[in-house]
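Here's the structure, in structure tokens; my notes come after.
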Amino acid sequence: MSHAESVASIKGTAGAQARRRRSRGPARYSALDIFRRGVTNSDWPRSFRQHDLAKSYDVVIIGAGVHGLACAYYLAANHGITNVAVLDKSYMGGGGSGRNTAIIRSNYLTPEGVRFYDRSVVLYQNLAADLNYNVMFSQRGHLTLAHTDASLRTMNWRAEVNKLQGINSSVIDAAEVGRIVKYLDVSDRPRYPILGALYHPPGGIIRHDAVNWGYARAADHLGVQIHQQTEVLGIETAGGKVTGVRTNRGAISAPIVVNCTAGWATTISDMVDVKMPLITHPLQAAVTEPVKVFLPSVIVSGSLHVYVSQTDRGELVFGASVDPYPSYSMRGSLEFTESVASHILELIPSIGSLKVLRQWAGLCDMTPDYSPIMGVTPVDGFLVDVGWGTYGFKAGPVSGEAMAQLIATGRVPEIISAFDLARFADGRLVGEKGAASVGH
Amino acid sequence: MILIDCPYCGPRNSTEFRHAGEAGKKRDVTTNDPAVWRRYLYQQDNPLGWVRENWFHTAGCRQFLCAERNTQTNEFRWVAPAGSPGPDGASGNGSAR
Ligand SMILES: Cc1cc2nc3c(=O)[nH]c(=O)nc-3n(C[C@H](O)[C@H](O)[C@H](O)COP(=O)(O)OP(=O)(O)OC[C@H]3O[C@@H](n4cnc5c(N)ncnc54)[C@H](O)[C@@H]3O)c2cc1C
Ligand SMILES: [Zn+2]
């Protein structure tokens, strides 16, 4: 059976099932409901259920991060394919999707990248309503600072590519930067003075956990099963086609298996000998004690290897570039905190007495061109949605939508066609390093 | 803080070193086939567990070193001058599983 045939047989059984499940409808969250439950003191229903593992599913998705969950949700919501299991060896959102710094933007460097990430921004704008879940998307603006002529040049290039794609993005001078962010040091005192910035007003931050939970809840209501503590140990194939997976809770047969495991993606693809040019690096972040909200936008400095935003609770969230060697270890390091602290004080000297509350790390599956790897592989039925490096949270919605469409139709959607695995052998790289190495 | 036991300088903080890729990766200079060169450029093992890899002691003796490290725990179990045969006698090969 080819991919398209297995898809066709999935759809036949799935449609009716989906309609039946959907008609029951999710328990909607609303202001009225908060009031009612406050008065009657009644409990909220669980936002997603636990299930026994079935013997077979139409689609098995490995990894319950934003990519796996979004793919499952759009399979059910857009295509009526609901006999879907999302498996995670740990807890939902325990990977990068629960550890990232939640920056959303579309001011990338290549036309393919800009189009792709902008579709995600559009989906994020409507996500709270679509999922009936408050994801706290705040389009507060995104500033990438330039401290050298070379970076100003790259920013002008990015701004022009962005404008051509209809994205709100432009280069502004240091004085304008100072007007937008009062507390930034735009004088020529610092070792690397701010010369200007790429300004992207629609960029911003989101509540990452809420995005994961919202997708999980909505997918669950449509009939998708989410299995935590379920580790994939092997992938079964016959005659070059996927037939199922082996897990710590038993075997499952499935004609389609999707690798959505980001930092762990190599360990999964190695199970079917699909070689991918990925290297796993830790990426760290830190958060300070909360203070009165004073920082209006997200600020990134590639030259100083640091970025910062302020949450609605008032904490400053810091990040930097990846740790300098490959590792699957998720331990933080003192070097990171020291370097972030010294660099951020170059930008905002007035926060010198703020205390760092926490620091943590997550795993990033880096590709040679800083673009993802999405779509089909040489093994029939084994699909990948990986290579998310330090920038993949913002891509959750568009990736889920496109992967679901690929599974449902058997055809690679145009919006992800540039990101195929074969591009590395063919020499068709989609170079996004200039837009993604620090400013995730 | 991770210490790397440099065979020339003794134990030093890992920040003094630069990771220099998997050990034993060789260019095939006898071919100009783009596919071969692209594989060399882009493809490497990325195993979870023990790897054999090269390091450069940037802020020390400025020598290349060969080491075995566990990518899950960052434990180093063997560090030697570049090109040394591994503890198992074999030279090179990115993953030492
Ligand atoms: C500190 C930090 C800051 C970041 N900042 C940003 C940012 O500002 N903006 C942005 O867009 N991106 C950012 N990223 C990147 C982003 O977090 C990731 O690219 C994204 O979350 C990847 O999502 P995912 O769903 O593909 O994978 P993940 O969320 O990592 O999920 C993968 C899941 O696979 C599971 N898994 C692994 N192996 C197995 C197995 N054998 N069986 C079953 N399950 C398995 C894991 O348990 C995990 O839950 C950041 C990342 C980090 C670490
Ligand atoms: Zn040395």
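The values are calculated or read from the model by the stated rules, or taken from the named source; none is laboratory data. Fair warning: this is a prediction, and the values are worked out from it, not measured in the lab. When we count neighbours, we look across all protein chains shown, and the Cβ atoms used for this are built from the backbone with ideal geometry, even at glycine. In case anyone asks, the SASA skips ligands and DNA or RNA and just uses the protein heavy atoms, side chains included. Shrake-Rupley method; radii C 1.70, N 1.55, O 1.52, S 1.80 Å.
Restricted to segment A:277-291, and to residues that are at the interface with chain B (Cβ under 8 Å from one of its Cβ atoms) and within 19 Å of B:Gly49 (Cβ to Cβ), which residue is surrounded by the fewest Cβ atoms within 10 Å (Cβ to Cβ)? So the residue we want is A:Ile279.
Among the residues that make up segment A:408-422, is at least one of them within 16 Å of ligand 1 (Cβ to nearest atom) and of a type in the set (Asp, Glu)? The answer is no, given that none of the residues of segment A:408-422 is within 16 Å of ligand 1 (Cβ to nearest atom) and of a type in the set (Asp, Glu).
The helices (runs of 4 or more DSSP H) found wholly in segment A:370-440 and carrying at least 1 residues that are away from every other protein chain (no Cβ under 14 Å), out of contact with any Cys (no Cβ under 6 Å at 6 or more places or on another chain) and buried (at least 19 other Cβ atoms within 10 Å of the Cβ) occupy A:396-409, A:433-436. Just one of the numbered conditions (1) away from ligand 1 (no atom under 16 Å from the Cβ); (2) under 22 Å from A:Leu334 (Cα atoms); (3) open to solvent by less than 20 Å² (accessible area, probe 1.4 Å) is not true of B:Thr71: (1).
I need a count of the residues in segment A:203-217 that are over 11 Å from A:Ser97 (Cβ atoms) and touching a strand residue (DSSP E or B) at 6+ places or on another chain (Cβ under 6 Å). Number satisfying all stated conditions: 4.
A single entry from B:Leu48, B:Leu65 fulfils the requirement of being within 16 Å of ligand 1 (Cβ to nearest atom) and either of a type in the set (A, V, I, L, M) or in contact with a His (Cβ under 9 Å, 6 or more places away or on another chain) (or both): B:Leu48. Right, A:Thr154: open to solvent by 10 Å² or more (accessible area, probe 1.4 Å), at negative phi and in contact with a helix residue (DSSP H, G or I) (Cβ under 7 Å, 6 or more places away or on another chain) or not? Judged against the criteria, A:Thr154 is a match. Within the span defined as segment B:35-50, every residue fails to be more than 14 Å from every other protein chain (Cβ to nearest Cβ) and in contact (Cβ under 8 Å) with a residue 24 or more places away in the chain. Checked against the criterion of being closer than 29 Å to A:Leu429 by Cα and away from chain A (no Cβ under 11 Å), the candidates B:Thr71, B:Thr31 yield just one match: B:Thr31.
Within segment B:81-94, identify whether any single residue is within 16 Å of ligand 2 (Cβ to nearest atom) and within 17 Å of A:Ile279 (Cβ to Cβ), and answer yes or no. Checked against the condition, which is being within 16 Å of ligand 2 (Cβ to nearest atom) and within 17 Å of A:Ile279 (Cβ to Cβ), segment B:81-94 yields no hits at all.
Does A:Ala175 count as open to solvent by 40 Å² or more (accessible area, probe 1.4 Å) and assigned by TED's automatic domain parsing to the domain that holds A:Glu346? In short, yes.
Touching a Pro at 6+ places or on another chain (Cβ under 9 Å), more than 25 Å from A:Val412 (Cα to Cα) and not β-branched (Val, Ile, Thr): is that true of A:Ser138 in this structure? It is false that A:Ser138 is touching a Pro at 6+ places or on another chain (Cβ under 9 Å), more than 25 Å from A:Val412 (Cα to Cα) and not β-branched (Val, Ile, Thr).
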